[in-house]
Structure formats: C-alpha cells, structure tokens
1. Rounded to the nearest Å, what's the spacing between the alpha carbon centres of the stretch 326-367 and the stretch 181-250? Just the number, please.
2. Sort 347-355, 80-88, 213-221 for me by packing, meaning the mean count of neighbouring Cβ atoms within 10 Å per residue, highest on top.
3. Averaging sequence separations of C-alpha pairs under 8 Å and six or more residues apart, then dividing by the length of the stretch 179-249, give the relative contact order as a whole percent.
4. What is the antiparallel percent of DSSP beta bridges lying wholly in the stretch 283-398, to the nearest 5?
5. Using per-residue counts of other Cβ atoms within 10 Å, averaged over each peptide, order 282-293, 100-111 from highest down.
6. What ranking of 309, 209 emerges when the number of other C-beta atoms within 10 Å of each C-beta is taken as an exposure proxy, fewest first?
7. Can you tell me the order of 273-280, 191-198 when each peptide is scored by its average per-residue count of other Cβ atoms within 10 angstrom, highest first?
8. Averaging sequence separations of C-alpha pairs under 8 Å and six or more residues apart, then dividing by the length of the stretch 283-398, give the relative contact order as a whole percent.
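Each value in this text was obtained by applying a stated rule to the coordinates, not by laboratory testing. Since the model is a prediction, treat every value here as computed from it, not as a measurement. Cβ placement follows ideal geometry from the backbone for every residue including glycine, while neighbour counts extend to all protein chains displayed.
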Ligand SMILES: O=P(O)(O)OC[C@H]1O[C@](O)(COP(=O)(O)O)[C@@H](O)[C@@H]1O
C-alpha cells in the first residue's frame, strides 16, 4: 500500500516538474503516446450537428458553436476554447489569452488526475504525511486538492501573466510577479471530500486586473489588497466540472458559455454558446439534514415549495451532490436554487466567481440578503451563506427574509 502511495506521489511530482518546462512550449494534450484512436480524421468528413464516435452516431450541438456571431467557426465546424478567446471569437487581450491557455491546460491536468486509477485514497487530508516515514528521501503523497493547487500555481507562474494568486489552499496570497497584469483567485479542487466515491468535483477561478496603484506597497500588503477586490471588478470567471464530461463554463462579462473537453483531441469545444438559466426551476439543492438548524424563514420556504404551495404551483424536487460546482452546474442547466445557508463557502474564490457566472446567465447570487458581487471582501478566507439560482426562485426565497443559518456547529460529514 505504501509503495503504491509513494509511486503515485512520485508520478504526480514528476508530472509537476515536467510541466514547468512543457508549459513554455504550449504542450499538446493528451500526450501523443496516449492519444485515443484519432477523431481528427473523422472531423475531415464532419457534417455539422452530427458526430460519429466509435461507431455511434451522436446528435450534437457541436457545430452550432460558432466562435462568434460575426465570424465563422473553426475549419472543422468546431470552436475550441482557445479559438473562442482568440482572434476568431471574443478577441480578448493577448495577455489574457495566454493566461487562459495556461489555466485551461492546468484544468486538463487536474481532470486526468481526478480520473486516474492512482489517486485512490489521496483525497484524504489526514494520515498521509506519515506514509513516507521519517528519514525517507521520497516525497510523501499529497491529497488531490494540494496537488491541484500546485498544478494551478505552476501554470500561473509559467504564464508570466499573473501578479498574485489567492487560493483556498494557501493561508495568504502568493506573489508571483511584479509585472503580471492579472490577479487570479481560485479553489483548485472543490468538493474533494467526495473524491473517493468518484463524485463530481470542480475547479473555480476568477481573474482580476492587477491594481497598478498599489505597486509601491510592500509585497504582502499589495498581494492581499489585490486579492480582496470586489466581485464587480472581475474580468473573467470560470469553473471546470470534472464529471461524466469535463465542462469548462465561463464568462467574460457578456454572457455565460460552456465548453466540453474532447478527450480525443484535448480541446475544450464550445457546446453551449449562450447559457440562460431558466427564470424558474423546480429543484432546490441544499443539505437538508441541517433542517433543524435552519432559521424559520428558510424552513418555511423549503416546506412551501416542496408542497407545491409557492408562487410556482408545482412540487419541487431536491437534488444535492454536496459538490458546489456540480450543484451549480445542474442549477444553471435546469433552474432552481442551489444553496448553502450556513457560513461555509468562501466569498473571494467561490461565491464571487460563481455569482458572476450565474448573473451573466440571467440568474442571481446572494447571501440571502445582499447581492454577492456587491459585498466588499475584508478577509481572504471569508465565509458566508450562499444562494445561487433562477431569478424568480431567488426573489421568492429572499422574500422569506430569514434564510441565513446562524447555528453552525461544525458538522462532521
Ligand atoms: O457540508 P455542507 O454544508 O453540505 O457543505 C458542502 C459544500 O462544501 C464543499 O464541499 C466545500 O467545502 P470545502 O471548501 O471545505 O471543501 C462544497 O463543495 C459543498 O457544496
């Protein structure tokens, strides 16, 4: 067992160390030797809206995903994420394109790590440090959220475009480069407590501009202040869902869209050019084992909608994966509300980026009283109640007034 842990850790460390030099060369993904029987040839005969994969004919939205309404899709009818942000599509600043290239590549690495047969038990935080034993010259294996953090940090360093990274996994922001034009806030692997059961997980990121007016401050101070920017200043935000498909969902402030990882080519392919959250859903998503710790307003709201006695006269259903990115992604697709009413989720690198994405899809992100993006962060790891979802459901929920859970005993699971 220990040998397995060690070899796993070594291969992860190897992956990280090689990634440093590879990043500069814009590596291909997946590595050539692991490439599946290529679909590239299929694409030569590609007819939009229908793909054939391994002999199965698959009706697909792919091919509707023009890089923009004013430009044509890629030569093969697909629009990749890099084409979308580059000259063919959104045409964002070159610096941002380079940064996004590195972030999406890091997420592909995390996707393959999460799906790896070698990550067994690495998701646990405790008891791992002793695996190598004292005196060993080999690295101890690290939980997946720590490895994911290192992958993201390494990718940001290699991009040359980031001044500071603030992550859930680090007590303080990490200053990377004085002249990096961007600030990145991230939860590298949210939901990792689910990893041993292969339940979906996700990476969350938000991108701000570096505040040049702070350049002359001491490093710790400017690192913190750059990281505590208001969510209204986000330039871009995204999440990557690691599930039956790997989905990159993102916004640059003009709508929300999603790309699906094509494992045979390594591209994130545009599959949802414009996500609009339904104004109403019929689903609420919450850990309702906490019902007796909820305030009266939240109990009444849930009791009302589950009986079909709310403004929308249908009985609501419950769905709760306990993985924020997955619960939000479902909510974006089907509508409804995803919530965690206690002070648990983090404003800077969870609530803000996700609220930006939801708002750009036509929904709302709130702490139960206030718009999330209007809150000024005061601490890096500041926690708050979080409610994300369809506009009409959110309005109805907030009208109950008392929905923030104050009792927070620190649950064991
Ligand atoms: O225990 P709760 O209150 O249901 O919280 C579950 C939430 O916590 C998270 O696991 C995040 O918690 P961590 O930041 O501690 O990993 C989310 O993915 C999930 O939505």
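1. A separation of 14 Å, based on Cα centres.
2. Working: 347-355: 27.3, 80-88: 21.0, 213-221: 10.6.
Packing order, densest peptide first, comes out as 347-355, 80-88, 213-221.
3. Working: 101 pairs, mean separation 23.6, N = 71.
Over the stretch 179-249, the number comes to 33 percent.
4. On the way: 10 of 14 bridges.
So the antiparallel bridges in the stretch 283-398 amount to around 70 percent.
5. Details: 282-293: 16.7, 100-111: 23.6.
The peptides rank, most packed first, as 100-111, 282-293.
6. Numbers: 309 12, 209 15.
Ranking 309, 209 by Cβ neighbours within 10 Å, fewest first, gives 309, 209.
7. Working: 273-280: 18.5, 191-198: 16.6.
My ranking of the peptides, most packed first, is 273-280, 191-198.
8. On the way: 179 pairs, mean separation 32.0, N = 116.
Value for the stretch 283-398: 28 percent.
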